[in-house]
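Let me begin by presenting the structure, written as structure tokens, before commenting on it.
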Amino acid sequence: MSAVLHAHPESGPALGIDAGKRRRVLSEAGQRGRWWRFAAILIITGIVLVPIMVTVLLAFTPGPNSTATGLTFENLGNVFSKTLAATWLKNSLVTTLSTVVVSVAVAAPAGYVLSRGRSKAVSGYSLLLFVMQSLPIITSVVPLFILFAGMGLVDNLLGLTIIYVGSTMTVATWMMAAYFDSIPISLEEASWIDGCSVFGSFTKVVLRNSLPGVLSTAIFAFLLAWNDYLVAIVFLRSNEIFTLPMGVQSFFQQNATDWTSVMALAVVMMLPPVIVFATLNKYFSVGGIGGSLAGR
Amino acid sequence: MSSTTTQSGLSRARRGVAPGGSGAVPGKRKSKLSAQATRTFFWLLLPSVVLLVLIHGYPLIYAAVQATHDGDLLQTGNFVGGQNFATVLTSPAFWKAAQFTLWFTIVGVFGSWLVGLGLALLLRTRIPGRNTFKVLLLLPWVVPIVVSSTAWNWLVATPDSLIPSLFRNLGMGTPLFLADPTLASVTVMVFKVWVSFPFMMMMISAALASVDTTVYEAASMDGASRWQQFTQITLPLIARSTYISWILMTIFCVNDFPTIYLLTGGGPVNATTSLVVLAYRTVFQDFATGPGVAIAFLMTMTLVVISVILYRQIRKSSVE
């Protein structure tokens, strides 16, 4: 149940019943309390969102040398014409989208085995994945740096993507497994009786019914790759290979006083995850491994 | 409720018992199928295993080699035994970083849990625009750390930034949020709580949504107070989720790099240097690969032991 829940965190018929019953019992006091709670949550949300509002506001405020008044897109234009922002954005998109595709492609079949397999080896592998995701990435970064340096994969987007796939696949596998757990095995059994192979029933029956699970895994991989800073700072050296986190950071260090431009670039970086979140928040599983652990 | 049937169906599926009864498949076919299943499972798992060995297995072994050699980022160097570990374990910087990591983790885990719990409970009640608030409050978790740390920098970094000015105008002096060692540690921890509370809120909200509310009606008929209902019903019911979220947040906090590094760079005077930041700086700024990897390796070993124990605990609690 929780596996389904974590894909649809908003669902919860219990809430409606609770509110309905309570309204009948203490309607007037309840009504007043309702508005107090509304005021409280409004103030809290306002305070919590100050850093984000500040970022957006500054990004559209005219810069120190600007003649514009009111809100302007000037800073965004400047950032794209004077820096490599377009290249950084492209690099980030390429790396992130490849990570998403490959890690889902690796995690879905592995997750299926974790969900349906019942041997000692499979549960051992499940434990191994859990242990691996809890290790600090800094430990593997140094050896991988040396390995990749010999292969020409340092300062290279392919090298970065390989590491991202490696670091997302553990949790992604868990998430897929948790979702597959919620698909009744009787569906596959029916297809086996119809002469379908195990692989065939996985792709045609299970995978076809797993869009929400695939989407939440994809969102998880997207956020991790898009937001990473530690791997990027170690592996990327040259300006034109930078992904957005490196771009924003280096631009910030060189132009610490030009806040409106820095924030314009920050908005460029913030936009894709916010758009993904806004459109797909039904499938957004903050928990990632949390949701899958709770579900399994 | 329908959820209970789903639940039992689920756990049956997990144990491999099909709702229709697996006896429907004739024995001969079944064994043929299971041989085929084993083969298919092997191929389905293979890419994942290869990646795990390449990205996690190999580096871990090589890290053990590096930690016992005096090499640099280009070559392995000579075997020096436990010398790097001795260097690390006797250096005050290591213990200072360990201490900061401990505090950072404690505040990060329980701070974000308390805030997340409070908000989850508040958002559970009837409030106009509840779902909008729920979505908005997740933003700190969604926005990249690089972006939010820049915004926090703008808010607190210099004496003329918005928040220090606010304090000054209220006659409370001009706090140097990132320049004073103690205050910088506090600022980093508050930033971590700000980034992490949505995760907790989400975990707890999901757990609360699955609680059957008729329990509360029964309890209030029996005369249980609000506080009693909270401690006797709500907390035990979300215990498992809470436990899991604490474990994960502990791992997130111990392994955290950008939250700290992007806000303070580990300073002032190393006041906010965590173990990961120390390992990073030792390797990539002091070019002392051996000791740096030794630090990372000590963290890794600790986390392996902790996570194996915790994994067992979670598994046990999910069987019950």
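Of the helices (runs of 4 or more DSSP H) lying entirely inside the stretch B:94-180, the ones with 2 or more residues being free of Cβ contacts under 8 Å to residues at least 12 places away in the same chain and either on the phi < 0 side of the Ramachandran plot or away from chain A (no Cβ under 13 Å) (or both) are found at B:130-136, B:145-156, B:162-169. Reported count of residues in the stretch A:67-108, each being in contact with a Pro (Cβ under 7 Å, 6 or more places away or on another chain) and either modelled with pLDDT under 85 or not aliphatic (A, V, I, L, M) (or both), is 4. Residues of the stretch B:99-133 that are crowded, with 18+ Cβ neighbours inside 10 Å and among the hydroxyl-bearing types (Ser, Thr, Tyr): B:Thr101, B:Thr105, B:Ser112. Close contacts from the stretch A:134-154, counting a first residue that is more than 13 Å from B:Val65 (Cβ to Cβ) and a second that is charged (D, E, K, R), with Cβ to Cβ under 8 Å and a gap of 6+ residues or different chains, come to A:Val154/A:Arg237. Taking the criterion of being more than 8 Å from chain A (Cβ to nearest Cβ) and among the aliphatic types (A, V, I, L, M), the residues of the stretch B:36-60 that qualify are B:Leu46, B:Val50, B:Val53. Here the stretch A:125-164 is the region considered, the condition is being of a type in the set (S, T, N, Q) and assigned to a loop (DSSP other than H, G, I, E, B), and the residue that is farthest from the other protein chains (Cβ to nearest Cβ) is A:Asn156. Restricted to the stretch A:236-245, and to residues there that are assigned to a helix (DSSP H, G or I) and surrounded by 23 or more Cβ atoms within 10 Å (Cβ to Cβ), the residue that is farthest from the other protein chains (Cβ to nearest Cβ) is A:Leu244. For the stretch B:63-78, which residues satisfy the criterion of being outside any loop (DSSP other than H, G, I, E, B) and either modelled with pLDDT under 85 or not hydrophobic (A, V, I, L, M, F, W, C) (or both)? B:Gln66, B:His69, listed by residue number. Can you tell me which residues in the stretch B:70-88 are surrounded by 14 or more Cβ atoms within 10 Å (Cβ to Cβ) and away from chain A (no Cβ under 12 Å)? Within the stretch B:70-88, B:Asp70, B:Val80, B:Gln83, B:Asn84, B:Phe85, B:Thr87, B:Val88 qualify. Restricting attention to the stretch A:38-65 and to residues that are touching a residue at least 24 places away in the same chain (Cβ under 8 Å) and over 29 Å from the mean Cα position of the chain (by Cα), the residue that is nearest to B:Ser148 (Cα to Cα) turns out to be A:Thr61. Whenever a residue of the stretch B:289-310 is more than 7 Å from every other protein chain (Cβ to nearest Cβ), its partners that are charged (D, E, K, R), lying with C-beta atoms within less than 6 angstrom and at least six residues away or across chains, give the pairs B:Gly290/B:Asp70.
The values are calculated or read from the model by the stated rules, or taken from the named source; none is laboratory data. No experiment lies behind these values; they were computed from the predicted model shown. Using ideal geometry, Cβ is built from the backbone for each residue, glycine included, and neighbour counts are taken over all protein chains shown.
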